[in-house]
Structure formats: structure tokens, C-alpha cells
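Following this message is one structure expressed as C-alpha cells.
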Amino acid sequence: MKKNVVVLFGGNSSEHDVSCISAQTVIKNIDIDTYNILLVGITREGGWLYVDTIDAIADGSWRESKISAVISPDTTKKELILFKDGGYETKPIDVVFPVLHGLNGEDGTVQGLLELAKIPYVGCGVIASAVSMDKVYTKIIVDTLGIHQASFVDIRQEMLDDMDKAVMEVEDQLDYPVFVKPSCAGSSQGVSKAHNREELIASLKLAAQHDRKILVEETIIGREIECAVLGSKDVKASGVGEILAAAEFYDFDAKYNNAESKTVVDPDLAPETVEKIRNFAVRIFKAVDGFGLARVDFFVAKKKNGKDRVIFNEINTLPGFTAISMYPMLWKARGIETKELVNQLIEMAYERF
């Protein structure tokens, strides 16, 4: 008998559109001999809708669905409730694949709902999702591992009421240029680079539009390297890939809208550097209590003696599954096709309960 897998996509976040693209890849690669696929899209406004076909995701018509959907938090039910024409029906849920990037999906909120319902789900749990989404707390955890990362200053939105004081706090600890990032926003939304005080003020105001907590980091000049992690008890790291950004840095536009940005699998790096990155990726994944999958991002810079210096950047607990996404590309390079990868992740979900 087939099991029912619910694929959640969209989401009330700045990465709504990217999630819809990732979901299509995931859906196309689920083993339909094993699973019935139930599609639930979350609108930008936060509405949950039942979706009939993958084609409706591709053309955007799913947002016009007249069927509302709710995952019951009742542990004894484990069901999807569909509301239509004043009535309702229920469908049993065996497992959920939350293909949700960013806030309100990748940050532990949806994971908390599924924990309440005791429904198996793909990916990291509440704690790992929450701390990995929050760049400041990720840095605090990684500090305990002795892994090098960019120096940073933690600025809160309320501090911007006295902008001069906030700016002084940054300038006392970091030299220009600096990167300014919302602590809890994905896909480089609200991220900018400040070369002077005027740009820093503008960058802080921009970041504050996305989150009340702001991370200001020293600029690291180096290659942008990513590593994929897969597993629960037996955690494995892929090889590494390199981001060749078309812009000054790999912001949202450079990532998704600029055809000149490229990703390279197995870039030219010293073998010992690759192994260090792979080792660090697994250590960081375990330190945040990761489960299932993550992509861990690094910089590789040169020391004065010419040797590579590996610097942690961030961890992403629900990496993209788009055509240009590094996570599935890295595993494909290691002989795991996307179909096998997706179904491994679903089967791994049952280990949680």
C-alpha cells in the first residue's frame, strides 16, 4: 500500500518563489510507486491551499485554489484536513517534505508543528533549524568548535534609534568594508556591503526591514566554497563546489537573476583544503544538531605563506533544489542522482519517530 507524502512549498517568506521552483524538482523525483503525493502551497500571505497538480505550481495558478488545507497538530490524527464548499475531508499523512526556504518554514516553526503532530518529516529539527536560520546564534555555536569565521558585531533593531551609537559600535570593532546581513533571512535577502559610514547607515536600515537582529561582519576576500551534508546517525559530506558570482558578492539577484553567476563542482583546490572543508561541514552540522541535510558554506582565503585558510560562512538547513542549486549537484557528482537523493531523505525522516 502506498504511503502519503505531503510536499509543503511556497511560504510566507522572501524566498517564496525559489521554494516553488525547488518543490517542482522534489516532486518530480519522488518515487510514485511508493508514495501518493499531496501538494500543499503556502501563499505569501500565509494561507494554506491544497493543490491538484504540479503544473499549477509551474504556472502559478495554485494560488487560486479554492481548497484550504491544514495539517492537524493532533498526535492521534496525523492527517491533512481539506476545507471546500462548507465541508471538509481528511487524508492520512505518513511523512512531510517541507520544501520551504527562509522564515516561517526553514526556521523551526513548521518543524514544531510536525513535532506536535508526531508526523515524520524531512530535514533538520526545531533546534537545528532555528539556530542555523539565525546567523548570530550559528556564529556563537561555531565559536565553540574553534573553526575560524569572520569577526562580527551583533546589532539589534532598537539600537538604530541612536544610529550614531550603533555605527560607533561597528566602527570600534571592524574596519570597512563590512557586510551587513539580517540575522534571520535566507537567500541573501537584505544583505549589502558598506564601504563607509554613509553606506553602513543605509545597510543597517535595509537589514532592519527583514529582521530585528542584524549581523555586521568583516569582509573576507576569498573563494566562496560550499559543501553538502547528508545523514542522521552516519553523516557524510560531499565534495565541494565553488560559487563564481557575477556581482561583487553573491546576493539574491546574483544568485537567481544573473546568468553570469556560475557554480563549479570539484574546483581546483588542494586536497587537504577539501578534506578540511568536508570535516568542518560535518562538525558544524553535528554541533547544531543537524538531521538529514544541510549545505555548509565557507570562504577559502590565502595566508601570507600561501597556504589556504578555511573560514566558515553559514549553514543552510533546507538548501535549494533548483536547476542551479549546489546541493543536488554536489551529490550527483558523487554518484547520487536527484531521485535517489530525494527518496533517501524521505526514508530518513522515519528515523525521527
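Here's a check for you: in the stretch 60-87, which residue that is closer than 15 Å to LEU114 by Cα and among the charged types (D, E, K, R) is least open to solvent (accessible area, probe 1.4 Å)? Break it down stepwise before answering.
We begin by selecting, within the stretch 60-87, every residue closer than 15 Å to LEU114 by Cα; these are 69-81.
Next, from what is left, pick out any that are among the charged types (D, E, K, R): 74, 77-79.
Numbers: ASP74: 60, LYS77: 106, LYS78: 67, GLU79: 37 Å².
Residue satisfying both the conditions and the ranking: GLU79.
Right, GLY239: modelled with pLDDT of 95 or more, open to solvent by less than 50 Å² (accessible area, probe 1.4 Å) and in contact with an Asp or Glu (Cβ under 8 Å, 6 or more places away or on another chain) or not?
Yes; evaluated as a whole, the condition is true for this residue.
Counting only residues that are assigned to a loop (DSSP other than H, G, I, E, B) and either surrounded by fewer than 21 Cβ atoms within 10 Å (Cβ to Cβ) or of a type in the set (S, T, N, Q) (or both), how many does the stretch 1-51 have?
Residues that pass the stated criteria total 16.
Something else: So ILE37 passes all but one of these: (1) closer than 19 Å to VAL122 by Cα; (2) in contact with a helix residue (DSSP H, G or I) (Cβ under 7 Å, 6 or more places away or on another chain); (3) touching a residue at least 40 places away in the same chain (Cβ under 8 Å). Which condition number does it fail?
(3)
Those residues that are in contact with an Asp or Glu (Cβ under 7 Å, 6 or more places away or on another chain) and open to solvent by less than 50 Å² (accessible area, probe 1.4 Å), I need them from the stretch 142-154; list them, please. Working first, answer last.
Just the residues of the stretch 142-154 that are in contact with an Asp or Glu (Cβ under 7 Å, 6 or more places away or on another chain), to begin with: 150-153.
Matches in the stretch 142-154: ALA150, VAL153.
To continue, here is another question. Name the one entry in VAL142, VAL136 that is modelled with pLDDT under 95, under 22 Å from the mean Cα position of the chain (by Cα) and assigned to a helix (DSSP H, G or I).
Answer to the selection: VAL136.
Further question on the same structure: Among what's in the stretch 321-353 and is modelled with pLDDT of 95 or more and of a type in the set (Gly, Ala, Ser), pick the residue that is surrounded by the fewest Cβ atoms within 10 Å (Cβ to Cβ).
Step by step, filter the stretch 321-353, then rank; the result is GLY335.
Before we move on, is ASP175 outside any helix (DSSP H, G or I), surrounded by fewer than 16 Cβ atoms within 10 Å (Cβ to Cβ) and of a type outside the set (A, V, I, L, M, F, W, C)?
Against the criterion (outside any helix (DSSP H, G or I), surrounded by fewer than 16 Cβ atoms within 10 Å (Cβ to Cβ) and of a type outside the set (A, V, I, L, M, F, W, C)), ASP175 qualifies.
Let me ask something additional. Name the pairs: first residue in the stretch 218-247 and within 21 Å of GLY290 (Cβ to Cβ), second residue open to solvent by 30 Å² or more (accessible area, probe 1.4 Å) and among the polar types (S, T, N, Q), Cβ to Cβ under 6 Å, at least 6 apart or on different chains?
Qualifying pairs under 6 Å: GLY241/THR263.
Taking ILE57 as the residue in question, decide whether it is open to solvent by 60 Å² or more (accessible area, probe 1.4 Å) and at negative phi.
No.
Another question, then. Any residue in the stretch 284-300 that's more than 16 Å from LEU145 (Cβ to Cβ): show its pairings with residues that are open to solvent by 10 Å² or more (accessible area, probe 1.4 Å) and hydroxyl-bearing (Ser, Thr, Tyr) at Cβ separation under 6 Å, as long as the two are six or more apart or on different chains.
PHE291/SER232
VAL95 fails exactly one of the following numbered conditions: (1) modelled with pLDDT of 95 or more; (2) within 26 Å of LYS28 (Cα to Cα); (3) of a type outside the set (Asp, Glu); (4) within 14 Å of the chain's Cα centre (by Cα). What is the number of that condition?
Against the list (1) modelled with pLDDT of 95 or more; (2) within 26 Å of LYS28 (Cα to Cα); (3) of a type outside the set (Asp, Glu); (4) within 14 Å of the chain's Cα centre (by Cα), VAL95 comes up short only on (4).
Let's see how each residue does on (1) in a strand (DSSP E or B); (2) touching a residue at least 60 places away in the same chain (Cβ under 8 Å); (3) in contact with a Phe, Trp or Tyr (Cβ under 6 Å, 6 or more places away or on another chain); (4) crowded, with 17+ Cβ neighbours inside 10 Å:
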{"position": "GLU89", "(1), (2), (3), (4)": "yes, no, no, no"}
{"position": "HIS101", "(1), (2), (3), (4)": "no, yes, no, yes"}
{"position": "LEU114", "(1), (2), (3), (4)": "no, no, yes, yes"}
{"position": "ALA166", "(1), (2), (3), (4)": "no, no, no, yes"}
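Please state which one of THR34, THR25, THR76, THR43 is of a type in the set (Ser, Thr, Tyr) and in contact with a Leu (Cβ under 8 Å, 6 or more places away or on another chain).
That would be THR43, the only listed residue that is of a type in the set (Ser, Thr, Tyr) and in contact with a Leu (Cβ under 8 Å, 6 or more places away or on another chain).
Which numbered condition trips up THR263, out of (1) surrounded by fewer than 21 Cβ atoms within 10 Å (Cβ to Cβ); (2) in contact with a helix residue (DSSP H, G or I) (Cβ under 6 Å, 6 or more places away or on another chain); (3) modelled with pLDDT of 95 or more; (4) closer than 30 Å to CYS20 by Cβ?
THR263 satisfies all of (1) surrounded by fewer than 21 Cβ atoms within 10 Å (Cβ to Cβ); (2) in contact with a helix residue (DSSP H, G or I) (Cβ under 6 Å, 6 or more places away or on another chain); (3) modelled with pLDDT of 95 or more; (4) closer than 30 Å to CYS20 by Cβ except (3).
Go through (1) surrounded by fewer than 18 Cβ atoms within 10 Å (Cβ to Cβ); (2) out of contact with any His (no Cβ under 9 Å at 6 or more places or on another chain) and name the single condition ARG309 misses.
Among (1) surrounded by fewer than 18 Cβ atoms within 10 Å (Cβ to Cβ); (2) out of contact with any His (no Cβ under 9 Å at 6 or more places or on another chain), ARG309 violates only (2).
The values are calculated or read from the model by the stated rules, or taken from the named source; none is laboratory data. This one's a predicted model, so the numbers in the text were calculated from it and none came from an experiment. Glycine also receives a Cβ, built like all others from the backbone with ideal geometry; neighbour counts cover every protein chain displayed. Side chains included, ligands, DNA and RNA excluded: accessible areas come from the protein's heavy atoms. Shrake-Rupley method; radii C 1.70, N 1.55, O 1.52, S 1.80 Å.
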